[in-house]
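Here's the structure we're looking at; comments come further down.
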Ligand SMILES: Nc1ncnc2c1ncn2[C@@H]1O[C@H](COP(=O)(O)OP(=O)(O)O)[C@@H](O)[C@H]1O
Ligand SMILES: O=C(O)C1=C[C@@H](OP(=O)(O)O)[C@@H](O)[C@H](O)C1
Ligand SMILES: [Mg+2]
């Protein structure tokens, strides 16, 4: 694999809960030797409490307000890999920051697969409901068009194994770099 460290610009991951933004983002940043940020992690560090606690104390609206601020701060950095939270695309201001300040990759995964990945997880407040699959289907219905309008690339992950997805991601970045080198 040729070196990609020279690739300019930010890489931002978007997609639903469990799509792999945090895990793939972290691994990609290590591979590219870039700083990695996760907007949820940054919020936890800033507030000193967990995401479920922010939801409990301030509701989803309070969380979205904080998320909007942190996305503005993080997308203003250069040369980073950023994993956003699944709801980051809900606000037009976030969509504009992401779209204009970096290359946005949508990790597209159907709700049924996301359900299998997240069903034992207790850290995502929106999925602590009687029927999380139904919630994921509804979130997919509302958000999939927003992810698509924000993304520069859509990676169809489906049922692929983790390392196969990671390889597809590297291939996509490499093709993009070669195109940019060719155009430049
Ligand atoms: N093909 C895949 N791509 C990305 N993650 C995968 C894949 N298959 C399984 N996973 C698992 O799904 C989970 C995704 O969680 P996470 O990275 O926290 O997602 P997000 O930040 O998008 O909510 C991880 O445990 C990861 O190992
Ligand atoms: O989809 C959402 O609205 C949310 C996704 C979560 O991040 P992940 O997508 O990393 O799980 C986190 O920001 C919060 O629980 C809300
Ligand atoms: Mg995450």
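In this structure, does residue 53 turn out to be modelled with pLDDT of 95 or more, within 13 Å of ligand 2 (Cβ to nearest atom), surrounded by fewer than 17 Cβ atoms within 10 Å (Cβ to Cβ) and not in a loop (DSSP other than H, G, I, E, B)? If you could, list the steps in order and put the result at the bottom.
Numbers: modelled with pLDDT of 95 or more: yes; within 13 Å of ligand 2 (Cβ to nearest atom): yes; surrounded by fewer than 17 Cβ atoms within 10 Å (Cβ to Cβ): yes; not in a loop (DSSP other than H, G, I, E, B): yes.
Considered against the rule, which asks whether it is modelled with pLDDT of 95 or more, within 13 Å of ligand 2 (Cβ to nearest atom), surrounded by fewer than 17 Cβ atoms within 10 Å (Cβ to Cβ) and not in a loop (DSSP other than H, G, I, E, B), residue 53 comes out as yes.
Can you name every residue in region 76-92 that is away from ligand 3 (no atom under 16 Å from the Cβ), touching a residue at least 24 places away in the same chain (Cβ under 8 Å) and closer than 12 Å to residue 150 by Cβ? Talk me through it step by step, then tell me what you get.
We begin by selecting, within region 76-92, every residue away from ligand 3 (no atom under 16 Å from the Cβ); these are 76-79, 91-92.
Now restrict to residues that are touching a residue at least 24 places away in the same chain (Cβ under 8 Å): 76-79, 91.
Of everything in region 76-92, just one residue is away from ligand 3 (no atom under 16 Å from the Cβ), touching a residue at least 24 places away in the same chain (Cβ under 8 Å) and closer than 12 Å to residue 150 by Cβ, namely 91.
Exactly one condition in (1) closer than 23 Å to residue 133 by Cα; (2) surrounded by fewer than 23 Cβ atoms within 10 Å (Cβ to Cβ); (3) within 15 Å of ligand 1 (Cβ to nearest atom) is false for residue 14; which is it?
(2)
Kindly provide the set of residues from region 107-135 that are part of a loop (DSSP other than H, G, I, E, B), away from ligand 3 (no atom under 16 Å from the Cβ) and surrounded by 16 or more Cβ atoms within 10 Å (Cβ to Cβ), ordered by number.
Hit for region 107-135 is 110, nothing else.
Residue 81 - would you say it is surrounded by 12 or more Cβ atoms within 10 Å (Cβ to Cβ) and within 16 Å of ligand 2 (Cβ to nearest atom)?
Details: surrounded by 12 or more Cβ atoms within 10 Å (Cβ to Cβ): yes; within 16 Å of ligand 2 (Cβ to nearest atom): yes.
For residue 81, the condition - surrounded by 12 or more Cβ atoms within 10 Å (Cβ to Cβ) and within 16 Å of ligand 2 (Cβ to nearest atom) - is met.
Any residue that is within 12 Å of ligand 2 (Cβ to nearest atom) and in a loop (DSSP other than H, G, I, E, B) - is there at least one of those in region 22-45? Don't jump to the end; show me each part of the working.
Residues of region 22-45 that are within 12 Å of ligand 2 (Cβ to nearest atom), as a first pass: 22-26, 38-44.
Of the ones still in play, those that are also in a loop (DSSP other than H, G, I, E, B) are none.
Scanning region 22-45, I find no residue that is within 12 Å of ligand 2 (Cβ to nearest atom) and in a loop (DSSP other than H, G, I, E, B), so the answer is no.
The conditions are (1) under 26 Å from residue 76 (Cα atoms); (2) touching a helix residue (DSSP H, G or I) at 6+ places or on another chain (Cβ under 8 Å); (3) in contact (Cβ under 8 Å) with a residue 40 or more places away in the chain, and residue 125 fails exactly one of them. Which is it?
(1)
Starting from residues that are touching a helix residue (DSSP H, G or I) at 6+ places or on another chain (Cβ under 6 Å) and assigned to a helix (DSSP H, G or I), keep the ones in region 75-90 and report whichever is farthest from ligand 1 (Cβ to nearest atom).
Within region 75-90, the first condition is being touching a helix residue (DSSP H, G or I) at 6+ places or on another chain (Cβ under 6 Å), and the residues that meet it are 75, 81-85, 88-89.
Keeping just the survivors that are assigned to a helix (DSSP H, G or I) gives 75, 88-89.
Details: 75: 17, 88: 11, 89: 13 Å.
Among those residues, the one meeting the criterion is 75.
Look through 150, 103, 135, 118 and report the one residue that is in contact with a helix residue (DSSP H, G or I) (Cβ under 9 Å, 6 or more places away or on another chain) and under 18 Å from residue 23 (Cβ atoms).
Working: 150 fails: under 18 Å from residue 23 (Cβ atoms); 103 fails: under 18 Å from residue 23 (Cβ atoms); 135 fails: under 18 Å from residue 23 (Cβ atoms).
Answer to the check: 118.
Tally up the residues in region 148-167 that are assigned to a strand (DSSP E or B) and closer than 13 Å to residue 109 by Cβ, please.
Just the residues of region 148-167 that are assigned to a strand (DSSP E or B), to begin with: 153-156.
After this cut, where a residue has to be closer than 13 Å to residue 109 by Cβ as well, the list is 154-156.
Within region 148-167, residues that are assigned to a strand (DSSP E or B) and closer than 13 Å to residue 109 by Cβ number 3.
The values are calculated or read from the model by the stated rules, or taken from the named source; none is laboratory data. Only a predicted model underlies this, so the values are computations on that prediction, with no experimental measurement involved. Methodologically, a virtual Cβ is constructed for each residue, glycine included, from the backbone with ideal geometry; neighbour enumeration extends over all protein chains shown.
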